[in-house]
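As C-alpha cells, the structure follows; a few thoughts come after it.
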Amino acid sequence: MKNLSQSSQALPLSNTSNNSFANLSLKVIGLGLIGIIASCTQIIEIDIPAHEPQWVLNGFIIADENDVDEEKIINFPNEFLVSRSQSIFERNNIEPVDNARIFITDGNGNSIATSQAGSQGPYRPLANYQANQTYRVRSEMPNGDEGPSIQLKTPKKIDVTSSSIREGSRQSIISLSFNDPADEENFYFIGLIQEYIDTLWNGDVFRDFGSVYFNILHPDFSSYYESDPFFPNESTNKGVLSDRSFNGQSLSLEIRIDDSWWGGERNRGDYYVVLVSMGKDMHQFMLSFYENWYNDFGPFSEPSPFFFNVENGLGTVVSGTRSIIHIK
Amino acid sequence: MRQTLHLLLTILPFLVQAQRITISGYVEHESSRERLVGVNVFDESRTYGTVTNSFGFFSLSIPAGTHEINFTYMGYVMEQRSFTESAFVTIRLKEIDTDLEAVTVTSNVRIAESSQMSTIDINMKQVKKIPAIFGEVDVLRAMQYLPGVQSGSEASVGLYVRGGGPDQNLILLDGVPVYNVSHLFGFYSVFNADAIKSATLIKGGFPARYGGRLSSVIDITMKEGDMREFHGEGSIGLISSKFTLEGPIVKDQTSFMISARRTYIDILLQPFIALSEPGARAGYYFGDLNLKVNHKFGERDRLYLSFFNNVDVFYFRFREQTPNSDFQTRANLAWGNRTGSVRWNHLISNKHFVNVAATYTRYEWGSRVSERSQDFDFTLRLRSNIEDYGLKADFEYIHDSRNHVRYGANYIRHNFRPSSIQIRESDNEFDFDSLFNATTLLISDEFYVYAENDWVVSSLLKVNYGLHYNIYRFEDTYYSSLQPRVSGRYLLNDQSSIKLSYARMQQFLHLLSSNNGIGLPSDLWVPATNVIPPMMADQIAAGYAYSTLNAVYEFSTEVYYKKMNDLIEYRSGSAFINPNDWQTRVETGGEGWAYGWEILAQKKSGRSTGWIGYTLSYNNRRFDNLNNGRVYPYRFDRRHDFSFVYTYEFAKDFDIGCTWVYGTGIATNLPQFRSLILTPWGQSSEMTHTGDLNSFRFPAYHRGDVSLNWHINKKKFKQTWNVSIYNVYNRLNTFFIFEDRLFNGDVVFKQVALFPVLPSVSYRVAF
C-alpha cells in the first residue's frame, strides 16, 4: 500500500513533469519553425517599371430590347466612369474625374449623346442604343487632352420564343426558349430578379427588385463565382452560358429556383429573367473582372491581366443587348 | 499486322543477304540472374552490333564465319565469346567489385553510335551518391539535374521537359503509367530508389512505340529479384525508413522483390500532440510498397508480376468523453496510386520476341470528415479518381544486323470519376450524385498501333523510323492521328556523330491543376471531349555527340524546337474546381512554343564521375482569351539552367558527392498599378492590376548540396552512414513573393524561402 500510495502521489508529479516537458518541447519546436520561416522571409528589391499614369475610361453600352424600369436594371447600367491610374507604390486613393466629357456617335458619325458628369458621379449619356448597331465612344479630359476612345457594335437582338413558370411548394422552374444566331460564338449573361412588396409602417406600399438564386443544369452554363467543391451545383444569381454546344440552334433552358432560400417576411411578386447577349469584349470583361475581383493577390493567386479594350489609355467599354423577360 | 510488317520489310532497300548465322539469347547478372537492359553486343570490328531490350534479350544476325562477340555493360566486366554458327546463349556478366582494379571497365552503348537522341539512361548507383534532402535519394530529382529538364518550385520533383508541363510526361513503372508521382506536395517522388533497377528519360525523337504524352517518356523498371540468394537492405533516416528484400522462391526459376518505405514524423509527434490537446491525434505520413515476382518457364518464356502502391495521408482525430456524452470527430485527406501488371515474355524464334502485358493503374484522392455523438452522426466524403485498364503486345523482330523491327498494339480504357460527393447525416443518406447530378463515371477508349525499324543504312548512317497511329473515343466523339517518328545519326568518325530527329505526339488526357507548380493531390485528370480536343506537339531536334572509345567521357549538344497546339489552361487558377463545369472554365486552343540549346558533358566511370549540364531555352504560350490574346512566357520559362554533379571516391570506404544548380528565376505576376473600374452592378471600385501575364521574374535560383558516404564492410553486412547538407551555403531561394505595406504606408515586396541549410544523417545496411 505504501508503494501504491507513493506511486499515486508520484503520478501527478510525473504527469506535470511530462506536460511541462511536452509544452516546452512544443514551444521549442514552434519557436524553431517560426525562426525558420522568419529567417526565410526577407524584403527584396524587385525592379518594377515605373507606371506612367494614364486616363481610364470604363462603361457599358447596352441596347435594351424592351422598355424597362430603371429599378429593374441591377447590372450593366448605361454609364461611364473616368479616372486616372496610378502606380502600386502611390499611397493616395483614386478619385473619379468628374469634369471630363463623353461623346457618343453612331456608325455614320452622327452624334447620339454627349455627357458631362456631376461631382463624383458617373456619366449617364441619354442615349437609346439599338441592337446590332455600331457606336463610337470618345472622351475629352478636363485639361483638353483627347482621352480614351473605342468603337464597338452591339450584339444582335435576342429572339426569345417562349417563357413560362411552374411553381411548386419548395421549388419553381422557369422554362425559357430562345434562338441562338449561327454566325458567331455567343455568350449569354443570365440573371434572375424578383419584385418584392413591403408595406411600410405608415401603410404605404414599397416595391423593390432583388436578385434571386437559381440553378441551370446545362453543361455550358457556369457561375461567375468560384465553385465550391463541396457543393458543385451551388446556386448563383448570375452566370454565363456559352453556345459552344448549341451554336445556331434553338435552346430551351430550365431555371430552377429554390424558394426555401428566402424567408416569408416580404411578399414576393413576379420574376424577371435578365438575358444579355454579350459581345466578345463584354464576355472578356466579365471573366477578367471576376477573376480579379475574387483575387486576394496572395502568394498562390494567379491573377490574369484585366481586360482593357480602349485606345489611347486604359479601361474597358463593352456592349451587350439586353432582354428582360417578365415571367407571369 | 503481318501485312504491315511484310510491307515494311519489302519496301526497304535491304541488301542481298549472304549466308548468315544468328546469335541470340539473354544477358543476365552473374550472381542474381537478373536480366540486364541495354547491354552492348557487338563484334570486334564494331561492324555488327545490337543492344539487349528491356527484358535482356538480344539477337544478332551476322555473316557466316568466326566472330568474337563482346558483351559490355557499364559497371560490369566485359565478356567475350567466339561463335562460328548460330547459337542461343545466356550470357552472365560479373559486376565489377571495387577491389578489382585491374579489370577492364567498359561501357554500354556509346552515345555517338546510337541512332536514338535526346535519351539519357540514369545510373542508379550514381544517383545514390548524389546529395538528397534528408538523405532520401530520388530518381526524379536526379533527372532535374539533366539539361532540358527543369524543376518547378523549390524542392519539387515535378519535371518540366523541354517546355512541357508535368502532365505531359509519360511516367512508366514496369510499363504501367503512374499518374501522380508526388509525395508530400512534390518534395519526394513516389519512386523508392532501392526498388528501381533502371530508369531512362526520353526528351525527344520518341520511338514509335511510345505515345500518349507530348513532352517526355520516363521508363522506370523495378528490380526483378535475385534468383539465387537472398539479399536485403534497409535504411533509417530523419523522416523515413525503408527496407528491401529480394531472393529466390524457387532457385533459378522464381524470384521476388519487395520494398517498402514509410515516414514517421506523425508517430514521433503523437505524444506531444496528445499531451497538448488531450483526446487529439493528428499527423501526416506517406508510404509506398513495391512488389515484383518473376518466373522462368524455360529459356523461352518468362512471367513478371508487378505491383505498386503508394499513399499520402493527413489525419486528425479527436474524442471527448464525459459521463453524459461521447463526441468524436475524424478527418482525413488521402491520395495515392495503385498499379499492377502481368507481363509475359515469349521467344517466338531466335529473331522474334514478344511481350504481352495486362496493366492496371489508378490514382485516387479522397477526403472524409465525420462527427459523431449519441444523437448526431454526420459524414462527408469526397472522392476523385482516374483508373486505366490496358492490354498490349509488343513484338521485336531482328531481321538481320541491319534491321531491328518493333511493332505492336495497345488498348487502354480510361475511367474518370472527377468528383463523387456523399453526405450521410444521422440515419438519412443523401447521395449528391443523384440529387445534384454530380459528375459520375466518364469513360474513354484509347487504342494505338505502331511499327518502327532501327535501320543500319550504311556503316555511317543509322536511322530509326516508324509510324504511330492512334484512335481515341469519348462518347460519340472520335479523334485519330498518324504520327510519324524518325531519328538518325551519321558517324563523323569512330568517336563522334551528328543526329537529327522529328516526332509528332498527341495527348488525350488533360490535367487541371494550379499553375503555381505545387503538385496538389486535388489536381484532376480529365479526358479530351467534343469541346476540349486533344493536345498535339511536333518536335524537331538536331545534335552532335562525342564519346571516347572506352565511353568514359561523353559530350553531347542538341538544339530543339517544339510547337504545341490545342493546349488548355484553367482560367481562374484554382486547383480546387467544380468538376461539373470544368469544360467551360478552361481556355482551349492554346499554342505553345519551346526551343533551346542543351549541352551535357559527362564522366561516366572511374573514381570520380559526374556531369555538367546547361540549357538555354525559350518557352512561350498564347491563348485567345488569356493575356488579351498576346504571347506570354510560360511560368517555368527559364532562360538559363546550369547544373553540376560530381561524385568522388577518395578512399575505399569514403565517397563524396556535390551538386550545384543555377537557374533563371521563374516567371510570376506582381501588382504593378491601380485604377478605378466600373463593376457590372455600376459602382466604381479600385482594382490592382498586374500587367501582362508572367511579366516578372523571381530572383535567380541557385543552390549547392554536399554529401559524404562512409561505407563499413563487415562480413556479409555492408553499412553506410550518409551525411548530407542541402543548401550548404544557405541561399534563400524564392518560394513566393507577396506585397506588403509597411507601417509608414510604403509598399514593399517580400519573398519567402522554403528551405534554409538542412543537414541530415541516415544509416543504411545491406546484406
1/(1 + (r/R0)^6) with r = Cβ-Cβ of residue A:124 and residue A:256, R0 = 30 Å, i.e. FRET efficiency to nearest 0.05, evaluates to 0.25
Please list the equivalent ellipsoid semi-axes of region A:55-153, computed as the square roots of five times the alpha-carbon gyration tensor eigenvalues, in descending order and whole angstrom. 25, 17, 12
In degrees, nearest 10, the alpha-carbon axis of helix B:265-276 is tilted away from the dominant principal axis of the alpha carbons of chain B by 20 degrees
What FRET efficiency, computed as 1/(1 + (r/R0)^6) with R0 = 25 Å and r the Cβ-Cβ distance, is obtained for residue A:208 and residue A:161, rounded to the nearest 0.05? 0.25
Taking Cα atoms only, helix B:2-11 is inclined relative to the longest principal axis of chain B by an angle, in degrees rounded to 10, of 60 degrees
Any residue on another chain or 5+ positions along whose placed amide H is under 5 Å from the amide H of residue A:156 is listed here as A:132
Provide a whole-number value for the mean count of partner chain Cβ atoms within 10 Å of the Cβ atoms in peptide A:73-86. 4
In debye to the nearest 20, the charge dipole size for region B:14-93, taken about the Cα centre with +1 at each Lys and Arg Cβ and -1 at each Asp and Glu Cβ, equals 140 debye
What percent antiparallel are the DSSP beta bridges of region B:169-307, to the nearest 5? 90 percent
So what is the relative contact order for region B:14-93, in percent, with contacts set as C-alpha pairs under 8 Å and at least six apart? 37 percent
In nanometres, what is the gap between the two model label sites at residue B:66 and residue B:281, each 7 Å from Cα along Cα-to-Cβ? 7.4 nm
Quickly work out the residue A:196-to-residue B:740 label distance, labels modelled 7 Å from Cα along the C-beta direction, and quote it in nm with one decimal. 4.3 nm
Å² per residue, accessible surface of region A:55-153 at 1.4 Å: 48 Å²
Dipole of region B:119-766 (Lys/Arg Cβ +1, Asp/Glu Cβ -1, origin at the Cα centre): which of B:472, B:593, B:549 lies farthest to the positive side? B:549
Under 5 Å, built H, 5+ apart or other chain: amide partners of residue A:209: A:196
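Using r as the Cβ-Cβ distance of residue B:653 and residue B:315, and R0 as 41 Å, what FRET efficiency do you calculate, to the nearest 0.05?
0.45
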In Hz, Karplus ³J(HN,Hα) per residue of region A:194-201 (6.51, -1.76, 1.60; θ = phi - 60°; x = Gly, Pro): 9, 7, 10, 10, 10, 9, 6, 4
Spelling it out for residue B:282: with amide H atoms placed in the peptide plane at 1.01 Å from N, the residues 5 or more places away or on another chain with amide H under 5 Å from its amide H are B:317
The relative contact order of region B:681-767, taking Cα pairs under 8 Å that sit 6 or more residues apart, comes to a percentage of 28 percent
Take the solvent-accessible surface of the protein heavy atoms, probe 1.4 Å, and return the percent of it on chain B that carbon and sulfur atoms account for. 57 percent
Lys, Arg +1 and Asp, Glu -1 on Cβ, resulting dipole of region B:286-366 about Cα centre, debye, nearest 20: 420 debye
Summarise the partner chain shielding of B:731-738 as one whole number: the mean count of Cβ atoms from other chains within 10 Å of each residue's Cβ. 3
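Please give the per residue accessible area of region B:119-766, computed with a probe of 1.4 Å over protein heavy atoms only, in Å².
I get 37 Å² per residue for region B:119-766.
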Phi-based couplings in Hz for region B:443-458 (Karplus 6.51, -1.76, 1.60; Gly and Pro marked x): 10, 9, 10, 10, 9, 9, 10, 8, 8, 9, 9, 8, 10, 8, 6, 8
Mean separation of Cα contacts under 8 Å (6+ apart) over length of chain B, as relative contact order %: 10 percent
Give me the extension gain from residue B:494 to residue B:411: residue separation times 0.36 nm, minus the current Cα-Cα distance, reported in nm with one decimal. 25.7 nm
Between residue B:325 and residue B:376, what is the spin-label point distance in nm, taking each point 7 Å from the Cα along the Cα→C-beta axis? 0.8 nm
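The values are calculated or read from the model by the stated rules, or taken from the named source; none is laboratory data. Model, not experiment: these values are computed from the prediction. Glycine also receives a Cβ, built like all others from the backbone with ideal geometry; neighbour counts cover every protein chain displayed. All accessible areas refer to the heavy atoms of the entire protein, side chains included, with ligands and DNA or RNA removed. Shrake-Rupley method; radii C 1.70, N 1.55, O 1.52, S 1.80 Å.
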